[in-house]
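Undergrad: First the structure, which I've put down as structure tokens, then a few questions once you've had a look.
The values are calculated or read from the model by the stated rules, or taken from the named source; none is laboratory data. Predicted, not measured: the structure shown is a model, and the values here were computed from it. Cβ: placed from backbone, ideal geometry, glycine included. Neighbour counts: every protein chain shown. The protein model used for the area step is the full one, side chains on, heavy atoms only, and it has no ligands, DNA or RNA in it. Shrake-Rupley method; radii C 1.70, N 1.55, O 1.52, S 1.80 Å.
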Amino acid sequence: MKILILGGTREARELAAIASGERGFDIVSSLAGRVREPMLPVGAVRVGGFGGADGLREWLADNGIDAIVDATHPFAGGMTANAAQAAADAGLPVLHVRRPGWREEAGDRWIRVPDVSAAAEAVAGLGDRVFLTIGRQGVAAFAESAQWFLIRAIDPPDGAMPVRYELLLARGPFSVEDETALLADRRIEVMVTKDSGGALTEAKLTAARALGVPVLMIDRPPLPAGARRVETVAAAWEWLRQAGSGQSAGRVE
Ligand code: NAP
């Protein structure tokens with residue numbers, strides 16, 4: 001059974017590692033090609049966009065794909081929508097792997113906003129020193145902001161930047177101790193983050209709670225209507241195994 005895993009996440013790499021070692025599964029992982037030195041999954045990897053839902057549908061047919069696992073980041077809404085559309089057009093099963101979002105705890109001071117532009121509007125009244133930890137995409141939405149920004153990303157953002165900022169290039173995981181020290185050292189008054197979920201980058205929220213720093217939490221884009229979703233790699237692997245046994249019995253759901 002030939003599977004396309006849409007990746008760029010730890011979950012995608014873990015699933016590729018499990019499934020590549022199993023008989024009967026031929027895995028191709030796909031990366032967008034945004035990060036200069038990506039962490040590569042084991043097995044076959046292709047890099048770069050497909051050319052929208054139509055391009056993806058053609059690629060699926062050309063490569064004899066039997067099922068798709070969309071294990072992209074919760075904020076990769078465009079790729080997720082294209083995967084759902086192309087799979088529907090091609091009559092292929094698709095599963096979306098989405099780790100749970102973060103949960104607010106006692107002591108947290110979160111303000112939820114629907115998207116990056118709403119965060120850029122809301123941040124104005126919340127403090128002069130902002131920790132912007134949303135990755136390299138979306139930073140341009142803050143270009144008109146008058147505040148000072150600590151911007152952390154794996155690679156430098158390529159769009160417009162705020163007038164006053166420091167760029168910190170770093171890849172998680174980060175410890176609570178280091179995050180607390182960073183917030184204190186840069187005298188951060190407000191944090192802006194996406195609700196990515198997961199343990200790898202959660203320490204910043206613990207640090208914000210401890211220091212009483214408010215957090216502008218950007219909500220995830222919704223999954224396509226009717227999308228089949230699981231939260232864990234184990235559940236995704238179970239779905240793949242069932243799809244595999246269904247296919248060997250002549251049916252894939
Ligand atoms: P996006 O806005 O949903 O995708 C924009 C376009 O990039 C897609 O239409 C597709 O181009 C291409 N693309 C995205 N993911 C791809 C993949 N895995 N393989 C091949 N093409 C892909 O996505 P994004 O937010 O830019 O994220 C890009 C990648 O970075 C994803 O793989 C995601 O898992 C990873 N990532 C994103 C974030 C984040 O905060 N957004 C954080 C960590 C990792 P075509 O239309 O030409 O096919």
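Undergrad: Confirm whether Asp66 is loosely packed, with under 13 Cβ neighbours inside 10 Å and either under 29 Å from Val116 (Cα atoms) or at pLDDT 95 or above (or both).
TA: Here the answer is no, as Asp66 does not meet what is asked.
Undergrad: Kindly state which helices (runs of 4 or more DSSP H) lie completely within the stretch 1-120 and contain at least 1 residues that are within 12 Å of the ligand (Cβ to nearest atom), small (Gly, Ala, Ser) and under 24 Å from Thr201 (Cβ atoms).
TA: 10-20, 77-90
Undergrad: When you look at Val190, is it in contact with a Gly (Cβ under 8 Å, 6 or more places away or on another chain) and not small (Gly, Ala, Ser), yes or no?
TA: When the stated conditions are applied, Val190 passes them.
Undergrad: Go through Ala140, Ala119, Ala170 for me and flag whichever is over 25 Å from Val233 (Cα atoms), loosely packed, with under 14 Cβ neighbours inside 10 Å, under 19 Å from the mean Cα position of the chain (by Cα) and not β-branched (Val, Ile, Thr).
TA: Just a single option satisfies the conditions, and that option is Ala170.
Undergrad: Same structure, new question: Which of the residues belonging to the stretch 122-137 are surrounded by 20 or more Cβ atoms within 10 Å (Cβ to Cβ) and small (Gly, Ala, Ser)?
TA: Gly135
Undergrad: Among the candidates Thr206, Thr193, which residue alone is modelled with pLDDT of 95 or more, surrounded by 14 or more Cβ atoms within 10 Å (Cβ to Cβ) and in a strand (DSSP E or B)?
TA: On the way: Thr206 fails: in a strand (DSSP E or B).
Result of the check over Thr206, Thr193: Thr193.
Undergrad: I'm told Gly78 meets every condition in (1) surrounded by 20 or more Cβ atoms within 10 Å (Cβ to Cβ); (2) under 25 Å from Glu11 (Cβ atoms) except one. Can you identify the failing condition by its number?
TA: Status for Gly78: all satisfied but (1).
Undergrad: Turning to a different aspect of this structure: Only residues that are of a type outside the set (Lys, Arg), open to solvent by 50 Å² or more (accessible area, probe 1.4 Å), at pLDDT 95 or above and on the phi < 0 side of the Ramachandran plot: list them for the stretch 1-37, please.
TA: Within the stretch 1-37, Glu14, Ala17, Ile18, Asp26, Ala32 meet the criteria.
Undergrad: Kindly provide the set of residues from the stretch 144-181 that are part of a helix (DSSP H, G or I) and among the aliphatic types (A, V, I, L, M), ordered by number.
TA: Those that are part of a helix (DSSP H, G or I) and among the aliphatic types (A, V, I, L, M): Val176, Ala181.
Undergrad: A further question follows. Could you tell me whether Ala184 is open to solvent by 40 Å² or more (accessible area, probe 1.4 Å) and assigned to a helix (DSSP H, G or I)?
TA: Against the criterion (open to solvent by 40 Å² or more (accessible area, probe 1.4 Å) and assigned to a helix (DSSP H, G or I)), Ala184 qualifies.
Undergrad: Ok, one more. Determine whether the stretch 75-89 contains at least one residue that is more than 23 Å from Arg220 (Cα to Cα) and outside the structural domain of Gly135 (by TED's automatic domain parsing).
TA: The answer is yes; a qualifying residue exists.
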